[in-house]
Amino acid sequence: MINDKVRMYLLPPLFNAAVRAGASIMRVYKNLDDYDISLKDDKTPITLADRVAHKTIREYLGPTRIPILSEEGRKMRYEERRNWELYWLVDPLDGTVEFIKGNNEFTVNIALMENNVCMGAVIYVPYFEKMYIAGRDSGSYLKEHIAPDAAAEYTYDEIVRNWTPLPLAGEGRHDHPRVALSRSHQTPETREHVARLRERHPDLEIVEQGSSYKFCLLAEGRVDYYVRTTHTYEWDTAAGELILAEAGGSTRTLPDGRELLYNEEDLRNPWFVCRSKFSKI
């Protein structure tokens, strides 16, 4: 198992890789004509920002000698990765559709996996300069005013200084239950699920949001519940799941209520639901 000394050693690379990737993304975001949009094999879009963020993370985390499983390296064969004990699970730009739409709802997700269990995670929201951080059995935290920086070199002490524990004080006491939905990925099954929730909670509010930022809103306590009935991949959920869990929430598959599994031969997740610490749904 990863000990405290190793955690202290690996947190700065985890944190700084996300901040540097955020800087790469924001450089592209400001130049709409340079997005260079194309489609991947699964018909989802990829932009120049996805590629430069992936390159930034790969180069910065390279010296750790820990292998990387990334959305942009998804074609790695199962036989090559199945026995990895330690690896980085990375989505260099989560919310590419939101990035293209220009609505600021995109993130950088990096998870440190040990024996296919997430042990440390960050989600960086570069436009809002927010960094969410979690360590297994060590809590979940928010650090604000972290501007994108291509030369970020935060030390361990700088990272943990003045961060805010999650969930946030004063959140979780909503007059109406708040249900988060993907802004761009809803299906008839999503609407049916929400309709069933409304039968028990007719006053529920819908909060549409892109990317893994939904996990962060759950961890903060700003929303209570999140349902996803379209395809996601392991790099979409690993970091967010730990950040939410360490803030007292949960993620379970639909309809059987099991835990999500990682480094599977098929990297696609089943449908799932998330609940905040305060959820009554």
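Couple of notes before you dig in:
- Anisotropy class of segment 72-152 from Cα gyration tensor, a/c 1.5 cut: oblate
- Size of electric dipole in the chain: Cβ of Lys, Arg +1 and of Asp, Glu -1, about Cα centre, debye, nearest 20: 240 debye
- Under 24 Å of direct C-alpha separation, and excluding same-chain neighbours fewer than eight residues apart, K75 reaches these lysines: K40, K43, K55.
- Shape of segment 59-195, Cα gyration tensor, a/c cut at 1.5: oblate
- Phi to ³J(HN,Hα) by Karplus 6.51 cos²θ - 1.76 cosθ + 1.60 over segment 143-149, Hz, x for Gly, Pro: 10, 9, 6, 9, 6, x, 8
- Listed by chain and number, the lysines placed with their C-alpha closer than 18 angstrom to that of K143 are K130, K214; residues fewer than eight positions away on the same chain are left out.
- When the residues W235, W84 are ordered by accessible surface, computed with a 1.4 Å probe over the protein chains alone, the sequence from largest down reads W84, W235.
- The amide H of G120, built 1.01 Å from its N in the peptide plane, has L112, R136 as neighbours under 5 Å, considering only residues 5 or more places off or on other chains.
- Ellipsoid fit via the Cα gyration tensor, segment 122-266: semi-axes of 28, 18, 14 Å, each the root of five times an eigenvalue, largest first.
- Loop sites in segment 43-124: GluC sites (Glu not before Pro), DSSP, at most 12 other Cβ within 10 Å: E85
- Segment 206-268: trypsin sites (Lys or Arg not before Pro) falling in loop per DSSP and having at most 15 other Cβ within 10 Å: R258
- Cα gyration tensor shape of the chain, rounded if a/c is under 1.5, else prolate or oblate by comparing a/b with b/c: rounded
- Under 11 Å, Cβ to Cβ, from F272 - net charge with Lys/Arg +1 and Asp/Glu -1: 0
- Among the protein heavy atoms of the chain, carbon and sulfur supply 48% of the accessible surface, probe 1.4 Å, non-protein parts ignored.
- Histogrammed with a bin width of 10 Å, the alpha carbon distances of segment 172-231 distribute as 24, 55, 21, 0 percent, first bin at zero.
- Computed from backbone phi with θ = phi - 60° and the Karplus coefficients 6.51, -1.76 and 1.60, the 3J(HN,Hα) list for segment 151-162 is 10, 4, 9, 5, 8, 4, 5, 5, 5, 7, 6, 6 Hz; x is used for glycine and proline.
- The residue among P67, N104, Y78 whose Cα reaches farthest toward the positive pole of the charge dipole of segment 56-144, with charges on the beta-carbon of Lys, Arg, Asp and Glu, is Y78.
- Sequence-distant contacts, meaning Cα pairs under 8 Å at least 6 residues apart, place the relative contact order of the chain at 18 percent.
- 0 to 90° range, to nearest 10: angle between helix 4-29 axis and the chain longest Cα axis: 80 degrees
The values are calculated or read from the model by the stated rules, or taken from the named source; none is laboratory data. Bear in mind that the values here come from a model prediction, so they are computed numbers and not experimental data. With ideal geometry, Cβ positions are generated from the backbone for all residues, glycine too; neighbour counts draw on all protein chains shown. Side chains are part of the model used for accessible areas, which takes the heavy atoms of the whole protein and leaves out ligands, DNA and RNA. Shrake-Rupley method; radii C 1.70, N 1.55, O 1.52, S 1.80 Å.
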